[in-house]
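Input: a single structure, listed below in structure tokens.
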Amino acid sequence: MKRIGIIGVGEIGRAIVTGLCDGGGTSREVFLSPRGARTAGELSALYEGVHVCADNQEVVDRSEVVIIAVRRQDHHEALAGLKVGHDKIVVNVMAGVATDELRRTLATDAPLIRAIPLPSIRERRSVTVTYPAHPVVDPLFESLGGVLPVADEAAFNVFSALTGTLTTHYSYLATLTSWAAGQGIASGDADRYVRGLFQAVGRALSDESRSLHQLAADHETPNGNNERIRTTWFGPANSEALHKALDGLLADLR
């Protein structure tokens with residue numbers, strides 16, 4: 001597979017191109033839609049083999065694999081009238097747009113594969129969930145950090161819901177820095193410390209020999225500071241509220 005097209009060049013589109021090109025994928029040609037023209041132009045200027053097309057149809061016509069990365073609410077307008085031959089492979093990275101819905105929109109018999117690439121794909125560190133497994137698409141994402149094919153679209157939607165917690169994590173860290181600043185700590189110092197603290201925790205996640213529950217236990221001492229915050233703030237009520245929020249998101253994704 002040498003020719004990849006991307007319709008919708010936002011954050012994920014940029015990350016995919018960066019991961020492909022910085023990862024030694026210069027033998028591939030990448031064709032970008034004019035949606036997100038500024039980003040597409042920057043990527044074309046930065047990487048040899050990356051081209052901005054006149055419209056979405058040109059992206060499809062020049063590509064073997066077409067990645068659709070427009071916003072969910074924009075996909076009907078963006079894909080209206082697009083002709084996709086059965087010889088193309090379409091990768092849908094739009095959250096909440098099911099395979100049947102996209103097939104009706106495109107009116108094509110081409111293979112449709114759903115995927116959940118994350119922004120860290122630019123550094124080839126994102127494990128990308130796919131459905132269904134595909135002999136071309138899965139190796140593409142494996143080269144960008146790893147791939148996790150799942151058995152059905154119901155399981156895919158669960159993983160999609162999990163990605164909805166990403167910015168909550170960042171906001172949690174921002175709340176910690178704000179609290180420290182309120183206690184008289186310089187905001188820059190608080191920011192630096194919190195980043196370093198959780199970067200170290202993140203590295204511990206690479207140890208897959210320990211479960212997440214075990215990692216939590218290994219960072220606690222009985223009656224210590226970590227146990228106190230976990231049991232007084234992230235107690236059963238807080239945990240249940242998170243479960244309900246995820247249940248609601250999953251219902252919408254279905």
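The values are calculated or read from the model by the stated rules, or taken from the named source; none is laboratory data. All figures in this text were calculated on a predicted structure; none of them were measured in a lab. Here Cβ is always computed from backbone atoms with ideal geometry, including for glycine, and neighbour counts include all displayed protein chains. Heads up: the accessible areas ignore ligands, DNA and RNA and are worked out on the full protein's heavy atoms, side chains in. Shrake-Rupley method; radii C 1.70, N 1.55, O 1.52, S 1.80 Å.
Structure above, values below:
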quantity: The one condition in (1) more than 21 Å from ALA98 (Cβ to Cβ); (2) modelled with pLDDT of 95 or more; (3) not in a helix (DSSP H, G or I) that ALA180 fails to fulfil; calculated: (3)
quantity: Within region 7-59, tally of residues that are small (Gly, Ala, Ser), open to solvent by 30 Å² or more (accessible area, probe 1.4 Å) and closer than 21 Å to SER126 by Cα; calculated: 3
quantity: Residue check for ALA107: free of Cβ contacts under 8 Å to residues at least 60 places away in the same chain, among the aliphatic types (A, V, I, L, M) and closer than 25 Å to PRO139 by Cα; calculated: no
quantity: Any chance LEU102 is open to solvent by less than 10 Å² (accessible area, probe 1.4 Å) and over 22 Å from ALA54 (Cβ atoms); calculated: yes
quantity: Residues of region 158-184 satisfying the condition of being among the hydrophobic types (A, V, I, L, M, F, W, C), over 15 Å from LEU197 (Cα atoms) and in contact with a helix residue (DSSP H, G or I) (Cβ under 8 Å, 6 or more places away or on another chain); calculated: VAL158, ALA161, LEU162, ALA181
quantity: Residues located in region 47-66, provided they are of a type in the set (S, T, N, Q), under 10 Å from LEU82 (Cβ atoms) and in contact with a strand residue (DSSP E or B) (Cβ under 8 Å, 6 or more places away or on another chain); calculated: ASN56
quantity: Qualifying residue in region 189-209 (condition: of a type in the set (Ser, Thr, Tyr) and assigned to a helix (DSSP H, G or I)); calculated: yes
quantity: Residue in region 224-241 that is open to solvent by less than 100 Å² (accessible area, probe 1.4 Å), within 30 Å of ARG124 (Cβ to Cβ), modelled with pLDDT under 95 and in a helix (DSSP H, G or I) present; calculated: no
quantity: LEU246 being open to solvent by less than 50 Å² (accessible area, probe 1.4 Å), among the aliphatic types (A, V, I, L, M), in contact (Cβ under 8 Å) with a residue 40 or more places away in the chain and on the phi < 0 side of the Ramachandran plot; calculated: yes
quantity: Where a residue in region 183-200 is under 21 Å from LEU215 (Cβ atoms) and its partner, wherever it lies, is of a type outside the set (Asp, Glu), with Cβ under 8 Å and at least six apart; calculated: TYR193/ALA180; VAL194/LEU173; VAL194/LEU176; VAL194/THR177; VAL194/ALA180; ARG195/LEU173; PHE198/LEU173
quantity: Check on LEU212, in contact (Cβ under 8 Å) with a residue 40 or more places away in the chain and either surrounded by 10 or more Cβ atoms within 10 Å (Cβ to Cβ) or within 23 Å of VAL158 (Cα to Cα) (or both); calculated: no
quantity: LEU118 under 15 Å from the mean Cα position of the chain (by Cα), surrounded by 16 or more Cβ atoms within 10 Å (Cβ to Cβ) and not polar (S, T, N, Q); calculated: yes
